[in-house]
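Contents: one structure, followed by commentary.
What follows is calculated from the coordinates using simple rules that are stated; it is not laboratory data. From a predicted model like this one, the values you see are computed outputs, not experimental measurements. Using ideal geometry, Cβ is built from the backbone for each residue, glycine included, and neighbour counts are taken over all protein chains shown.
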Amino acid sequence: MLNFQPQGFVQRVLTTDLGIMAYYTNLPATNQVSTPLVFFHSLGGGSSAFEWSRVYGNLGPSYRVIAPDLIGWGQSTHPVRAYRVEDYFALITHLLESLDLAPALIAATSLTAGVVIRLAIQRPDLCRGLFLVSPLGNRDFGRDYRLSLPALLTRLPGLDRLVYGLGAANELAVRWFLSTVLFADGDRVTPEIVQAYLTGTQQPQAEYAALASLTGAISFDLAAYLGQLQVPTVMVLGEKSRFTPPAVLKRLASLNPRAIVALHQVAGAGVLPHLERPEVVEPLLRDFVQSILASSS
C-alpha cells in the first residue's frame, strides 16, 4: 500500500456498522492543544484523507489531528450498497463519539461539508467550529445537479460502470480531471497528487460510493438548512471553483451571518484550494482555530 500521509502520522482503524474505517492521526506531543481537529474529504472519485494532508501535516506538533477515509473511500472498506446522506451522518457521528473527539473542530469539503452542516444542526454537541471549503448540497437554490448531463448519463442502466472506468479509474482521466476541473492551475498537479487519486479510484468496489455522488443520489438543498446552523463557521472557496461558483457560496453564507463568521476567497485556486494552495488555506484555518479556542478560554 502506498503511503501518502505526512511524516509523523500513522494509520489506525475503527470498526463501524458498514465496515472498517481507516483514519490517520499524528503521534502525541506534549505541547498539543487538547481540542481535536478532524478533517473530512470530499465525495468525488479518488477522494481520501490525502486531500487535506498538505494542511494538517503542518498542524501535528500543535494539535491532535484525525483524518479518516470515510467508508467507501481511500483505504477503508468499500461495501456494495446504495450510499445515502444518512450513512455519512452515522459514520461521522460514530467516529467523533468512538474516538472521544466531540466537540471537535471540523474541516470538510464540498458535499461532505454540506453533510457536516446538517449534522451540526442535528447534533451541535459534536462540533466546536466548522471550517468548510465550498459546502454544497447539489440542489441549492433550485440548481439541481440530478438534472445535469453527467448525472443523467450515469443513471442509465449499464452506463454507470463504463463512465466510472473511462472517466475516473485510469491515470489519463485522473490527471485530466485534476488539471482541468479541480485545479485552477494544472501545473500545480504533482505526480504524488495524481498517484494518490488514482490509487483511490482503483480500490476494489470504489465505484459504488463515487457513483452515489455522481448520479446525484446524495443531494439536498443546503439553503433550506443553513439558517438553522448555530456552530461558528468559516467558509472558504477557490476563486476559480467550477463546482460551487463564488456567487452561490456568497449567497449561502448570507443566509446565516450570525453563524458564518467569515467567507474567504482564495485567489488562483479551483475546487480544492487546500490541496492546490495549502500555504494560503493553512493560516486561515490556524486563525479560525485560535479564535475559537480564545473565545472559550
(message) For Arg123, what residues show an amide H to amide H distance below 5 Å, using hydrogens built from the backbone and excluding near sequence neighbours?
(response) none
(request) Set the Förster distance to 22 Å, then compute FRET efficiency between Val261 and Ala224 from the Cβ-Cβ distance, nearest 0.05. (result) 0.55
(request) Could you list Asp140, Asp69, Asp221, Asp17 in order of exposure, starting from the residue whose Cβ has the fewest other Cβ atoms within 10 Å? (result) Asp17, Asp221, Asp140, Asp69
(message) In whole Hz and in residue order, list the ³J(HN,Hα) couplings for the range 273-290 that follow from phi through the Karplus curve 6.51 cos²θ - 1.76 cosθ + 1.60, θ = phi - 60°; x for Gly and Pro.
(response) x, 6, 9, 7, 9, x, 5, 8, 6, 4, x, 5, 5, 4, 4, 5, 4, 4
(request) Using amide H atoms built 1.01 Å from N in the peptide plane, name the residues 5+ places from Phe220, or on other chains, whose amide H lies under 5 Å from its own. (result) Asn138, Arg139
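Please report the relative contact order for the chain, taking Cα pairs under 8 Å with a sequence separation of at least 6, and give it as a percent rounded to a whole number.
20 percent
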(request) Take the alpha-carbon centre of the range 169-183, take the same for the range 224-297, and report the distance between them in whole Å. (result) 25 Å
(message) Whole-Hz ³J(HN,Hα) for each residue in the range 44-53, computed from phi via Karplus 6.51 cos²θ - 1.76 cosθ + 1.60 with θ = phi - 60°, x for glycine and proline: what do you get?
(response) x, x, x, 5, 6, 4, 3, 3, 9, 5
(request) Arrange the following residues from fewest to most other Cβ atoms within 10 Å of their Cβ: Val194, Val236, Val13. (result) Val13, Val194, Val236
(request) With θ set to phi - 60°, apply the Karplus curve 6.51 cos²θ - 1.76 cosθ + 1.60 along the range 128-145 and write out the HN-Hα couplings as whole Hz, x wherever there is a Gly or Pro. (result) 9, x, 10, 10, 10, 9, 6, x, 8, x, 6, 9, 6, 6, x, 7, 8, 4
(message) Compute, for the chain, the length of the dipole vector about the Cα centre, with Cβ point charges of +1 (Lys, Arg) and -1 (Asp, Glu) only. Units Debye, rounded to 20.
(response) 460 debye
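Can you compute the helix-only [θ] at 222 nm over the chain? Use -39500 (n - 2.57) per DSSP H run of at least 4 residues, normalise by all residues, nearest 500 deg cm²/dmol.
Value at 222 nm, helices only: -10000 deg cm²/dmol.
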(request) DSSP loop (so not H, G, I, E, B), at most 11 other Cβ within 10 Å: list which trypsin sites (Lys or Arg not before Pro) in the range 17-124 pass both filters. (result) none
(request) Once you have a ≥ b ≥ c as the square roots of the Cα gyration tensor eigenvalues for the range 9-295, tell me rounded if a/c is under 1.5, and otherwise prolate or oblate according to whether a/b is larger than b/c. (result) rounded
(request) Quick one: grab the alpha carbon gyration tensor of the range 249-297, order the square roots of its eigenvalues as a ≥ b ≥ c, and give me rounded if a/c is under 1.5, else prolate or oblate depending on whether a/b is larger than b/c. (result) oblate
